[in-house]
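Peer 1: Questions regarding the structure given below will be posed in turn.
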Amino acid sequence: KKEAAKSARKDLHRTLVIEAAERAFAEKGYDGTRMQDIANEAGLALATVYTTVPSKEDIFAAIHELRGRALLAHAAEAASSSRSAMEAILAGVESYVTFLAEHPSYLRIHLLESQPWALDPKFTCAEQRKQWREGLELSVMVFREGIRQGSVRPGDPELYARLMIAGHQVFLAHWVEGGMKAPRADLIREMKDFVARSFGT
């Protein structure tokens, strides 16, 4: 019982640290956030934070492992039930935007890094880069299939994937700069229209 209680407390502290760090990074950016800021946000002693997750780098990676993996899974699941590759791309866009809108701190973390999402960004942690590469490869695969099917116009599937990713960044940054006041449904419709007009047949 004692070990179970200790494990449960450690899991609780880890959740508190990761969620607090996500909010802190979203407000101050990675470089501007100190471990003390995370401790204050979590309502924990600084020593407890270090015991739970030993470094800021590890906390940042843990956020991306939690949110980034879920984001990729949501997009892949949404795309898997589509009848054509273009439908899969549009379903992926909707799922992607929905997830980020539901996790605005995670979205802000990405935007605050000021990296061009489409051009092999120099991310802060290896987990980010791994997920970016997986997302790009998935998009390239679907665009390639769309070209084969005829639902996507002929062209370079990797260029199309990178252009779509760049468009995501612009649309989402504009939405955040506007205070996220525009209805999510309008944002999704605009982004899907952009993709369909740019790459569809």
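The values are calculated or read from the model by the stated rules, or taken from the named source; none is laboratory data. None of the values given here were measured: they were computed from a predicted structure. Positions of Cβ are backbone-derived with ideal geometry, glycine not excepted, and every protein chain shown enters the neighbour counts.
Peer 1: Out of curiosity, is residue 146 more than 23 Å from residue 65 (Cβ to Cβ), surrounded by 20 or more Cβ atoms within 10 Å (Cβ to Cβ), touching a helix residue (DSSP H, G or I) at 6+ places or on another chain (Cβ under 6 Å) and assigned by TED's automatic domain parsing to the domain that holds residue 60?
Peer 2: yes
Peer 1: On to the next question. Filter segment 150-175 down to the residues that are farther than 21 Å from residue 132 by Cα and surrounded by 15 or more Cβ atoms within 10 Å (Cβ to Cβ) and list them by number.
Peer 2: 151, 152, 175
Peer 1: Given 186, 193, which one is acidic (Asp, Glu), exposed (fewer than 14 other Cβ atoms within 10 Å of the Cβ) and closer than 23 Å to residue 145 by Cα?
Peer 2: 193
Peer 1: Return yes when residue 114 is modelled with pLDDT of 95 or more, surrounded by fewer than 17 Cβ atoms within 10 Å (Cβ to Cβ) and of a type in the set (Ser, Thr, Tyr) and no when it is not.
Peer 2: no
Peer 1: Does at least one position in segment 91-108 carry a residue that is hydrophobic (A, V, I, L, M, F, W, C) and modelled with pLDDT under 90?
Peer 2: No.
Peer 1: Right, here's the next one. Among the residues of segment 112-124, is there at least one that is under 24 Å from residue 67 (Cβ atoms), assigned to a loop (DSSP other than H, G, I, E, B), in contact with a Pro (Cβ under 9 Å, 6 or more places away or on another chain) and among the polar types (S, T, N, Q)?
Peer 2: yes
Peer 1: Pull out all pairs, ordered by first then second residue, where Cβ-Cβ is under 8 Å, the residues are six or more apart or on different chains, the first lies in segment 22-37 and is outside the structural domain of residue 60 (by TED's automatic domain parsing), and the second is part of a helix (DSSP H, G or I) and among the hydroxyl-bearing types (Ser, Thr, Tyr).
Peer 2: 22/105; 22/106; 23/105; 25/105; 26/105; 26/106; 35/50
Peer 1: I'd like the full set of residues that are part of a helix (DSSP H, G or I), over 18 Å from residue 113 (Cα atoms) and among the aliphatic types (A, V, I, L, M), limited to segment 173-187.
Peer 2: The answer is 185, 187.
Peer 1: Among residues belonging to segment 38-93 that are of a type in the set (Lys, Arg) and surrounded by fewer than 17 Cβ atoms within 10 Å (Cβ to Cβ), point out the one that is farthest from residue 10 (Cα to Cα).
Peer 2: Among residues in segment 38-93 that are of a type in the set (Lys, Arg) and surrounded by fewer than 17 Cβ atoms within 10 Å (Cβ to Cβ), the one farthest from residue 10 (Cα to Cα) is 83.
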